[in-house]
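Have a look at the structure below before the remarks.
The values are calculated or read from the model by the stated rules, or taken from the named source; none is laboratory data. Keep in mind the model is a prediction, meaning the values are calculated, not measured. Cβ placement follows ideal geometry from the backbone for every residue including glycine, while neighbour counts extend to all protein chains displayed. Quick note on the areas: whole protein, heavy atoms, side chains included, nothing else; ligands and nucleic acids left out. Shrake-Rupley method; radii C 1.70, N 1.55, O 1.52, S 1.80 Å.
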Amino acid sequence: MLTDALAPAPVTATHCPYCSLQCGMGLRAASDAAGGLDVVPRDFPVNRGALCGKGSTAPALLARPLRLTEPLIRRPASGRLEPASWDEALALVVERLGAVRRDHGADAVGVFGGGGLTNEKAYALGKFARVVLGTSQIDYNGRFCMSSAAAAHQRAFGVDRGLPFPLADVSRTGCVILTGSNMAETMPPAVRHLRELRENGGTLIVVDPRRTKTAELADLHLAPRPGTDLALALGLLHLVVAQGHVDEEFVRERTAGWEAARAAAMAHWPELVERITGVPVPQLRAAVDLFCGATDGMVLTARGAEQHSTGTDTVGAWINFCLATGRAGRPLSGYGCLTGQGNGQGGREHGQKADQLPGYRKLADPAARAHVAGVWGVDPDSLPGPGRSAYELLDALGGEVKALLVMGSNPVVSAPRATHVEGRLRELDFLAVADVVLSETAALADVVLPVTQWAEETGTMTNLEGRVLLRRAAITPPDGVRSDLHVLNSLAEKLGCEVTAKKFPADPEEVFEELRLASAGGAADYSGITYARIEAEDGVFWPCPQEGHPGTPRLFLDRFATEDGRARFVEVSYREVDEETDAAYPLVLTTGRVLAQYQSGAQTRRVPGLNAAAPGAYVEMHPLVADRLGVGDGDPVTVTSRRGRATAPARVTGAIRSDTVFMPFHWAGEGRANNLTNPALDPVSKMPAFKACAVRVERAAPAG
Ligand SMILES: Nc1nc2c(c(=O)[nH]1)N[C@H]1C(S)=C(S)[C@@H](COP(=O)(O)OP(=O)(O)OC[C@H]3O[C@@H](n4cnc5c(=O)[nH]c(N)nc54)[C@H](O)[C@@H]3O)O[C@H]1N2
Ligand SMILES: Nc1nc2c(c(=O)[nH]1)N[C@H]1C(S)=C(S)[C@@H](COP(=O)(O)OP(=O)(O)OC[C@H]3O[C@@H](n4cnc5c(=O)[nH]c(N)nc54)[C@H](O)[C@@H]3O)O[C@H]1N2
Ligand code: SF4
Ligand SMILES: [Mo]
């Protein structure tokens, strides 16, 4: 009928499958009748209709042949992955995990999750590990992401929520120090808030060893040597004290521990800090003048400041700087971490982390164990204790951990010292991977389980602001794929134990209802949040302890979440990152992202438009370095560290320090940046040193 043909197809309001902004978008059946989906703009406070190219092309991956649509089993005869039925694939997983557990104990089975999983999946995965497998050996890729900021948050404020305020507040504060974030490439729609900040008369200071697109937006760009933010933050605090900018009243009324922190900072003279960081003293002074000259201000950190063997202390030093200047616990001021993955925030709250139970409870806390065990209907003593952190777990594969279930990560590309990690994965007795595509990790598996994607399933995500969001299914998945929840439900049923599959519902809303109970009374309390409320209000901020509670967009305005309500200064001093340069390895390698690729690239390298925009790895270097090596732009170079080598074309630019080279980490093969990276771990957060290791660069030997 003519009118039907003209009536616009209904739009499902949802959110992007990728990063922690969780931009709002609408999905509508495509007009071209190819069976696909069109992305339509939708007003949502973090992106106000804007999307980056990854979000707007996300439906491309819903179609065959880019995505997986049938389970795969490695057949002994061919040694290759070949199609199998779900019954056969699940039966094999059950048999092999069961055998490893029987022969080597529950802790010989590991689980590796992801910060892209919905809250329901992260919750079910943590519960599955502890209750069905009975293993302590579960961790996830979020450990590689914002864990240092999370640890520092906990230490200073008693709770960890990436941003303690809505992102839009950024545009109304007086001065923002953005350190280690290349927002213009990693969260492009958020740049609007930085532009508005400046239009409103505020100032922006960007700290990055490279003059990135983000740094180009700044009033002041500080370019420290990678791994020296700790000294930089301490040096700025020294100047705050020396110039009389300490907010004495705030420090007295709202904080504890100032004297020790102050004394430690005073040892970091501007001249010393200039020597360590390479940032000239006048720039240090200018930063303090800008920041303290405004009536309010924020410090925002991302991976550049955090992914170091000194990451937790570095964030601690930035928090000290905020507390001393009174830029915390009041409107339009505060410290925030720009969490990275789609559910980087919720994924760390509900139990897929080695030391954690749902609601951001501690696995080692008897009261927390009793509460969660009560919800799960098990004996608290049956719950295992804390397990290994992500890298430690990957490093134990083939040793004490003999079988692994991966859900939502591609560590072959993204783990530090990836050649070694790939080797450990190959040593496993059994590897099962649930994924939407045949990632490099899935390609090593014994069983691959093809799962549904964001537009095909319903679930909640918690974005970088602590705003709990709902993604509603917009289309029916193809035959042959099942949701992660369905997979866990089936495995729980078949693995038996004393629990029944009824306790692992495949319906996300049923899981969420249980998560609400499990989180009640915890730091990340979701008990007042329902699917209906999220839809009606377009997101609810945790903590939200009752259904009538409005949620908490802004934390700490009256008190911090510590026992006495005071924020804690930490006593920190500068120390070098784990691996300094020397004669054999004279340059610092730092790694990161480009606009068109996401993470390990498992998804975005399959999307033609994105792949064309960013087809491969490169080594960014200063002209002085290129001249010394005798290479021109585009010439292949080999980068060598104590762990391995990688080869990629040189990209010569004056926008990087001359003691530093940069590689994006989105690719496998010879350009894999993680062949080089150092798995030295931060002692508190267990974050690996992705952002600084010592390398040498040489002209690549001519091919052939
Ligand atoms: N396009 C795209 N967007 C993404 C992602 C993606 O893969 N691609 N991933 C998402 C995820 S999970 C995350 S965690 C975020 C990450 O978002 P960002 O943290 O913005 O991303 P990175 O590129 O890893 O690092 C940011 C910057 O840190 C700088 N840097 C390196 N070393 C140092 C240092 O020692 N100090 C300082 N101050 N800066 C340093 C780098 O030069 C780089 O420009 O992005 C999210 N958004
Ligand atoms: N050198 C270097 N290395 C880094 C970093 C760096 O800055 N430098 N950054 C680190 C950071 S911050 C991060 S967050 C990690 C990320 O590293 P990875 O964990 O490798 O991240 P992704 O590529 O997002 O991997 C997610 C995988 O899960 C699949 N997937 C997506 N959605 C689902 C789902 O709903 N269910 C299931 N079962 N699978 C799904 C995807 O197809 C993909 O294969 O990389 C870290 N590695
Ligand atoms: S910025 Fe992040 S959430 Fe927004 S469209 Fe891009 S990838 Fe998606
Ligand atoms: Mo991340």
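Have a look at GLU427, GLU510, GLU422 and point out the one that is under 23 Å from GLU392 (Cβ atoms), surrounded by fewer than 18 Cβ atoms within 10 Å (Cβ to Cβ) and of a type outside the set (A, V, I, L, M, F, W, C).
Matching residue, one of GLU427, GLU510, GLU422: GLU427.
Each row is one residue, and each column tells you yes or no for (1) touching a strand residue (DSSP E or B) at 6+ places or on another chain (Cβ under 7 Å); (2) away from ligand 2 (no atom under 16 Å from the Cβ); (3) closer than 15 Å to ALA455 by Cβ.
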{"position": "GLN22", "(1), (2), (3)": "yes, no, yes"}
{"position": "MET25", "(1), (2), (3)": "yes, yes, yes"}
{"position": "SER31", "(1), (2), (3)": "yes, yes, no"}
{"position": "THR57", "(1), (2), (3)": "no, no, yes"}
{"position": "LEU81", "(1), (2), (3)": "yes, no, no"}
{"position": "ARG96", "(1), (2), (3)": "yes, yes, no"}
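Out of everything in the stretch 124-160 that is among the basic types (Lys, Arg) and over 21 Å from PRO683 (Cα atoms), what residue ends up being nearest to the chain's Cα centre (by Cα)?
Initial filter on the stretch 124-160 (among the basic types (Lys, Arg)): 127, 130, 143, 155.
Going one step further and asking which of them are over 21 Å from PRO683 (Cα atoms), we end up with 127, 130.
Details: LYS127: 21, ARG130: 23 Å.
Residue satisfying both the conditions and the ranking: LYS127.
Could you pull out every one of the helices (runs of 4 or more DSSP H) wholly within the stretch 319-395 that has 1 or more residues that are more than 17 Å from ASN119 (Cα to Cα)?
Details: elements: 344-347, 366-376, 390-395.
Per the criteria, 366-376, 390-395.
Only residues that are open to solvent by 20 Å² or more (accessible area, probe 1.4 Å) and within 26 Å of GLY601 (Cβ to Cβ): list them for the stretch 440-472, please.
GLU440, ALA443, LEU444, ASP446, GLU457
Quick check on my filter: what residues within the stretch 228-256 are among the small types (Gly, Ala, Ser), over 27 Å from GLY304 (Cα atoms) and within 32 Å of the chain's Cα centre (by Cα)?
Step one: filter the stretch 228-256 for residues among the small types (Gly, Ala, Ser), giving 231, 233, 235, 242, 244, 256.
This time we only want the ones that are over 27 Å from GLY304 (Cα atoms), so: 242, 244, 256.
Within the stretch 228-256, ALA256 is the sole residue that qualifies.
Would you check which residues across the stretch 22-75 are among the basic types (Lys, Arg), more than 16 Å from ligand 4 (Cβ to nearest atom) and over 15 Å from ALA473 (Cα atoms) and list them? Even if it seems obvious, please write down each step before you answer.
First, pick out the residues of the stretch 22-75 that are among the basic types (Lys, Arg): 28, 42, 48, 54, 64, 67, 74-75.
Add one more test, that the residue is more than 16 Å from ligand 4 (Cβ to nearest atom), and what stays is 28, 42, 48, 64, 67, 74-75.
Within the stretch 22-75, ARG42, ARG48, ARG64, ARG67, ARG74, ARG75 meet the criteria.
ASN182 versus (1) open to solvent by 10 Å² or more (accessible area, probe 1.4 Å); (2) away from ligand 4 (no atom under 16 Å from the Cβ); (3) in contact with a strand residue (DSSP E or B) (Cβ under 7 Å, 6 or more places away or on another chain): which is the lone unmet condition?
Of everything listed in (1) open to solvent by 10 Å² or more (accessible area, probe 1.4 Å); (2) away from ligand 4 (no atom under 16 Å from the Cβ); (3) in contact with a strand residue (DSSP E or B) (Cβ under 7 Å, 6 or more places away or on another chain), ASN182 misses just condition (2).
Within the stretch 482-498, track down each residue that is surrounded by fewer than 22 Cβ atoms within 10 Å (Cβ to Cβ) and part of a loop (DSSP other than H, G, I, E, B).
Listed by number, the residues that qualify are GLY496, CYS497, GLU498.
Looking at the stretch 15-45, which of its residues are modelled with pLDDT of 90 or more and among the acidic types (Asp, Glu)?
Answer for the stretch 15-45, where residues must be modelled with pLDDT of 90 or more and among the acidic types (Asp, Glu): ASP38, ASP43.
Please verify whether the stretch 258-273 includes one or more residues that are without any contact (Cβ under 8 Å) to a residue 12 or more places away in the chain and within 26 Å of ARG211 (Cβ to Cβ).
yes
Looking only at the stretch 273-311, which residues are within 16 Å of ligand 4 (Cβ to nearest atom) and of a type in the set (Val, Ile, Thr)? Break it down stepwise before answering.
Of the residues in the stretch 273-311, the ones within 16 Å of ligand 4 (Cβ to nearest atom) are 300-308, 311.
Scanning the stretch 273-311 gives a single hit, THR301.
All but one of (1) over 23 Å from SER483 (Cβ atoms); (2) more than 16 Å from ligand 4 (Cβ to nearest atom); (3) surrounded by 24 or more Cβ atoms within 10 Å (Cβ to Cβ) hold for VAL406; state the number of the condition that does not hold.
Here VAL406 meets the rest and fails (1).
List pairs: first residue in the stretch 217-233 and without any contact (Cβ under 8 Å) to a residue 24 or more places away in the chain, second residue among the charged types (D, E, K, R) anywhere in the structure, Cβ distance under 7 angstrom, at least six positions apart or on different chains.
So the pair list comes out as HIS221/ARG211.
Do we have PRO358 as surrounded by fewer than 24 Cβ atoms within 10 Å (Cβ to Cβ) and within 26 Å of ARG554 (Cα to Cα) here?
no
List pairs: first in the stretch 648-676 and touching a residue at least 40 places away in the same chain (Cβ under 8 Å), second among the aromatic types (Phe, Trp, Tyr) and within 16 Å of ligand 3 (Cβ to nearest atom), Cβ under 9 Å, 6+ apart or cross-chain?
Close Cβ pairs satisfying both conditions: HIS666/TYR598.
If I go through the stretch 331-343 residue by residue, how many of them are closer than 20 Å to LEU595 by Cα, open to solvent by 10 Å² or more (accessible area, probe 1.4 Å) and touching a Phe, Trp or Tyr at 6+ places or on another chain (Cβ under 9 Å)?
Start the filter on the stretch 331-343 by keeping residues that are closer than 20 Å to LEU595 by Cα, which leaves 337-343.
Among the residues that remain, those that are also open to solvent by 10 Å² or more (accessible area, probe 1.4 Å) are: 340-341.
If we keep only those that are touching a Phe, Trp or Tyr at 6+ places or on another chain (Cβ under 9 Å) as well, we get 341.
Selection size over the stretch 331-343: 1.
Inspect all residues belonging to the stretch 299-316 and state whether any of them is within 16 Å of ligand 2 (Cβ to nearest atom), assigned by TED's automatic domain parsing to the domain that holds GLN243 and assigned to a strand (DSSP E or B).
Within the stretch 299-316, one or more residues are within 16 Å of ligand 2 (Cβ to nearest atom), assigned by TED's automatic domain parsing to the domain that holds GLN243 and assigned to a strand (DSSP E or B).
What's the number of the condition ALA602 fails, among (1) farther than 27 Å from ALA58 by Cα; (2) within 16 Å of ligand 2 (Cβ to nearest atom); (3) of a type in the set (A, V, I, L, M, F, W, C)?
If we test ALA602 against (1) farther than 27 Å from ALA58 by Cα; (2) within 16 Å of ligand 2 (Cβ to nearest atom); (3) of a type in the set (A, V, I, L, M, F, W, C), just (1) comes out false.
I'd like the full set of residues that are open to solvent by 20 Å² or more (accessible area, probe 1.4 Å) and closer than 26 Å to THR339 by Cα, limited to the stretch 275-291.
Result: LEU290, single match.
Quick one: which strands (runs of 3 or more DSSP E) lie wholly within the stretch 585-704 and hold at least 2 residues that are more than 16 Å from ligand 3 (Cβ to nearest atom) and polar (S, T, N, Q)? Write out each step before concluding.
On the way: elements: 587-592, 619-621, 636-641, 644-652, 660-664, 678-681, 693-699.
Ranges flagged: 587-592, 636-641.
Would you mind stating whether ALA680 is out of contact with any helix residue (DSSP H, G or I) (no Cβ under 7 Å at 6 or more places or on another chain) and touching a residue at least 60 places away in the same chain (Cβ under 8 Å)? Lay out the reasoning, then the answer.
Details: out of contact with any helix residue (DSSP H, G or I) (no Cβ under 7 Å at 6 or more places or on another chain): yes; touching a residue at least 60 places away in the same chain (Cβ under 8 Å): yes.
Yes.
Does GLY634 satisfy the criteria of being touching a residue at least 24 places away in the same chain (Cβ under 8 Å) and either open to solvent by less than 50 Å² (accessible area, probe 1.4 Å) or of a type in the set (D, E, K, R) (or both)? Let's see the steps before the verdict.
On the way: touching a residue at least 24 places away in the same chain (Cβ under 8 Å): no; either open to solvent by less than 50 Å² (accessible area, probe 1.4 Å) or of a type in the set (D, E, K, R) (or both): yes.
Answer is no for this residue.
Can you tell me how many residues in the stretch 312-336 are within 16 Å of ligand 4 (Cβ to nearest atom) and under 23 Å from GLY201 (Cα atoms)?
Final tally of qualifying residues: 1.
Okay, residues lined up against (1) open to solvent by 10 Å² or more (accessible area, probe 1.4 Å); (2) among the aliphatic types (A, V, I, L, M); (3) within 16 Å of ligand 1 (Cβ to nearest atom); (4) under 26 Å from the mean Cα position of the chain (by Cα):
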residue	(1), (2), (3), (4)
ALA63	yes, yes, no, no
LEU66	yes, yes, no, yes
GLU70	yes, no, no, no
ALA77	yes, yes, no, no
TRP86	yes, no, no, no
HIS104	yes, no, no, no
GLY110	no, no, no, yes
ALA122	no, yes, yes, yes
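Do we have ARG657 as within 26 Å of SER181 (Cβ to Cβ), open to solvent by 40 Å² or more (accessible area, probe 1.4 Å) and either among the β-branched types (Val, Ile, Thr) or touching a strand residue (DSSP E or B) at 6+ places or on another chain (Cβ under 9 Å) (or both) here?
Numbers: within 26 Å of SER181 (Cβ to Cβ): yes; open to solvent by 40 Å² or more (accessible area, probe 1.4 Å): yes; either among the β-branched types (Val, Ile, Thr) or touching a strand residue (DSSP E or B) at 6+ places or on another chain (Cβ under 9 Å) (or both): yes.
For ARG657, the condition - within 26 Å of SER181 (Cβ to Cβ), open to solvent by 40 Å² or more (accessible area, probe 1.4 Å) and either among the β-branched types (Val, Ile, Thr) or touching a strand residue (DSSP E or B) at 6+ places or on another chain (Cβ under 9 Å) (or both) - is met.
Run down GLY346, GLY326 and say which single residue is open to solvent by less than 10 Å² (accessible area, probe 1.4 Å) and at positive phi.
Working: GLY346 fails: at positive phi.
Just a single option satisfies the conditions, and that option is GLY326.
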